[in-house]
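Taking it in order: structure first as structure tokens, then the write-up.
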Amino acid sequence: MTGERRLAGVAAAPGVARGPWAHVRRERPVGGRIAAGAADAEEQRLRDASNAAADALMALSEQVEAAGHADEAAIFMAHATLAWDPALIETAVARIHERGEDGIAAIAAAGADAAAGLAALDDELLAARAADVVDVAERIARALAGIPEEADLLPGPAIVVAEDLSPSLTATLPREHMLGIALEAGSPTSHAAILARAYGIPAVVGVPGLLAALAGPGGLGTPAAELALDGSTGEAVLDPSPATVADLDGRASRLAEARSHDLEEASLPPVTLDGVEVTLLANIGTPAEAAPARALGARGVGLFRTEFLFLERAAPPTESEQAAAYAEAVAAFGGDPVTIRLLDIGGDKPIPYLPMPHEANPFLGVRALRLALDRPDLFLTQLRACHRAASSGRVKVMAPMVADAGDAALLLDLDRQAREGLALEGVPHGPVELGVMLEIPSAVLAADAYFGSIAFASLGTNDLTQYTLAVDRGNPALERYRDALHPAVLRLIAMAADSAARAGTALSVCGEMAGDPVAALALVGLGVRQLSMGAASLPAVRRAVRGADAEALAAEARAALGDPSAAAVRARFAGLLAG
Ligand code: PEP
Ligand code: MG
């Protein structure tokens, strides 16, 4: 038994966690060749794997059907049938016998051939089936390689440990089993961290050497039996001593007390000492997060990240399914606005049914609204669903990754088509306010050219910081460069506020910056009056606003534009944080 070991990382989601750990990773099956004379046995292995995949897909279909998701159940059932499809399996069997490929290589090639054939037919429905075939072939390959599916990656309660976690894996791991998250890579603005905060799961990221330390010194020692983490300090402790355990348990109970205090304060108005009112809104990723956010005093949703509806499934959600999800959030907010963001995929958020060519720089590639040129159908369906949800409450819709006036015009045009279609078909729908996310510097610099045509804009400071400072939002090695309080980012925010005031366009901030009490003071000083954040941040930001003087914040913000560094700006506003 080795003593406790402490590793320093970056705080990513508050809370304390302690327990066994599980190294979660989704490996890719790697194909190869078989030895001479092994073809018959390999054929049998392939047939067994195809049966196992079909059985698992049928069980999954029954499970989601019982949970009331008939659409998804039908998709899994169709996949089960594909896993038995003779055309697919016999092609793979032939490759084993004729080319000496192993089952993994053979099924992958058979799936790719079938998909290419379907895609070449130039029929949208069949093209969607092409992605299904690839998906099923991959599942069979995983079965052959003995790679577990998500639900099997975390069979019991544990702290999830990984090099990094994709948003889709984070969203689909069984939440009730996730005691905490500890990652070697990642940053507080990476999507795994944002999701952890949304789910209330304590998390630390950017912990160098974590996996090797857990495996035991030099990979030769005994693996750590227990892991503890403090998501507020960024610390990970391997095999914590009894004294550390007592300390962490004390912190956990103080946190629980603070949470009940936060709920009591939720009805206090977020108004500065000199009477400036700030609207506090919530960022959500699923409709289920709406009610808890409202309980903490959110006056609406400033960012509904809808891509989590689109992840880890074989086909995009239908218009009705989306309309129901959006209407659920609208209903939970009873009259307060819900801002739905059109899907933002690509970058670090790929989806299986939308195969995209490899890009050297996906964050600078065909991401978010840029996909609309190729796939307007995805955006039209989503906009129609938004308008349908608007028949039951106040809905705002914003487009991500808008670069300039051309993109704003594209949004308006897609919206017009969606509205006209619904009207023509006599489908009940309501009005939505249209806006853009300001997360590309050019969108801010060119704002005067298009702000007059839209109702609102919301600063996505996670990406705005990434693109302004050339700092990959997921790279822990760049932590010292990442602070959104950098004077260069502040200057862009000040420009956006000026343009918004000139055009009469409402302006909010929905990046993680809005949920940081010190940064929130800077934003109020720059003239921002709407802040949207993960619900857990609402209490601290409310307290910060209530303890500040808006006039003093404005004077500091003007001065901060000339500061030499983010650290200097942070020190300036930290000094104004009450208490
Ligand atoms: C942002 O970029 O600030 C933002 C809110 O969007 P996301 O974090 O989903 O990219
Ligand atoms: Mg963004």
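The values are calculated or read from the model by the stated rules, or taken from the named source; none is laboratory data. All of these numbers come straight from a predicted model, not from anything done at the bench. In this analysis, Cβ positions are derived from the backbone assuming ideal geometry, glycine residues included, and neighbour counts consider all displayed protein chains. What goes into the accessible areas is simple: the full protein's heavy atoms, side chains included, and nothing from ligands, DNA or RNA. Shrake-Rupley method; radii C 1.70, N 1.55, O 1.52, S 1.80 Å.
When Leu464, Leu478 are checked against the criterion of being more than 16 Å from ligand 2 (Cβ to nearest atom), closer than 17 Å to Ala566 by Cα and not in a loop (DSSP other than H, G, I, E, B), Leu478 stands alone in meeting it.
Which condition number does Asn462 fail, the rest of (1) under 25 Å from Gly297 (Cα atoms); (2) polar (S, T, N, Q); (3) more than 15 Å from ligand 1 (Cβ to nearest atom) being met? Failing condition for Asn462: (3). One residue stands out among those in segment 292-323 that are in a loop (DSSP other than H, G, I, E, B) and touching a Leu at 6+ places or on another chain (Cβ under 7 Å): the one that is nearest to ligand 1 (Cβ to nearest atom), which is Thr306. For segment 360-391, the candidate set comprises residues that are away from ligand 2 (no atom under 16 Å from the Cβ) and outside any helix (DSSP H, G or I); within that set, the residue that is most open to solvent (accessible area, probe 1.4 Å) is Asp374.
Pick out the one residue from Gly275, Gly302, Gly234, Gly297 that is crowded, with 19+ Cβ neighbours inside 10 Å, in the same structural domain as Glu551 (by TED's automatic domain parsing) and at positive phi.
On inspection, the qualifying residue turns out to be Gly297.
The criterion of being modelled with pLDDT of 95 or more, away from ligand 2 (no atom under 16 Å from the Cβ) and over 27 Å from Ile493 (Cα atoms) does not hold for Ala446. Here Asp336 clears all of (1) buried (at least 17 other Cβ atoms within 10 Å of the Cβ); (2) of a type outside the set (Gly, Ala, Ser); (3) away from ligand 1 (no atom under 16 Å from the Cβ); (4) assigned to a helix (DSSP H, G or I) except the condition numbered (4). Exactly one residue out of Leu469, Leu412 is of a type outside the set (Phe, Trp, Tyr), surrounded by fewer than 21 Cβ atoms within 10 Å (Cβ to Cβ) and more than 16 Å from ligand 2 (Cβ to nearest atom), and it is Leu412.
Residues in segment 498-540 that are closer than 15 Å to Thr465 by Cβ and within 16 Å of ligand 2 (Cβ to nearest atom): Val509, Cys510, Gly511, Glu512, Met513, Ala514, Gly515.
In summary, Arg491 fulfils each of the numbered conditions (1) more than 22 Å from Arg341 (Cα to Cα); (2) free of Cβ contacts under 8 Å to residues at least 24 places away in the same chain; (3) among the charged types (D, E, K, R) with the single exception of condition (2). Where strands (runs of 3 or more DSSP E) sit wholly within segment 131-232, those with at least 1 residues that are in contact with a His (Cβ under 8 Å, 6 or more places away or on another chain) and at pLDDT 85 or above occupy 158-162. Out of Ala544, Ala535, one residue alone is without any contact (Cβ under 8 Å) to a residue 40 or more places away in the chain, more than 13 Å from ligand 1 (Cβ to nearest atom) and in the same structural domain as Ala566 (by TED's automatic domain parsing). It is Ala544.
Out of curiosity, is Ala488 farther than 22 Å from Asp374 by Cα, away from ligand 2 (no atom under 16 Å from the Cβ) and open to solvent by 50 Å² or more (accessible area, probe 1.4 Å)? No, not satisfied.
State whether one or more residues within segment 502-520 are at pLDDT below 95, surrounded by fewer than 20 Cβ atoms within 10 Å (Cβ to Cβ) and of a type outside the set (Val, Ile, Thr). Within segment 502-520, none of the residues are at pLDDT below 95, surrounded by fewer than 20 Cβ atoms within 10 Å (Cβ to Cβ) and of a type outside the set (Val, Ile, Thr). Within segment 412-437, the set of residues being touching a residue at least 40 places away in the same chain (Cβ under 8 Å) and within 16 Å of ligand 1 (Cβ to nearest atom) comprises Gly435, Met437. Among the residues of segment 428-463, those that are closer than 13 Å to Met398 by Cβ and among the aliphatic types (A, V, I, L, M) comprise Val432, Leu434, Val436, Met437, Leu438, Ala443, Ile454, Ala455, Ala457, Leu459.
With respect to the conditions (1) open to solvent by 10 Å² or more (accessible area, probe 1.4 Å); (2) touching a residue at least 40 places away in the same chain (Cβ under 8 Å), Met401 lacks only one, and its number is (1). If the condition is being out of contact with any Cys (no Cβ under 9 Å at 6 or more places or on another chain) and of a type in the set (A, V, I, L, M), then segment 425-439 contributes Val427, Leu434, Val436, Leu438. For Val397, the criteria (1) over 30 Å from Val489 (Cβ atoms); (2) in a strand (DSSP E or B); (3) among the hydrophobic types (A, V, I, L, M, F, W, C) hold in every case but one, which is (1).
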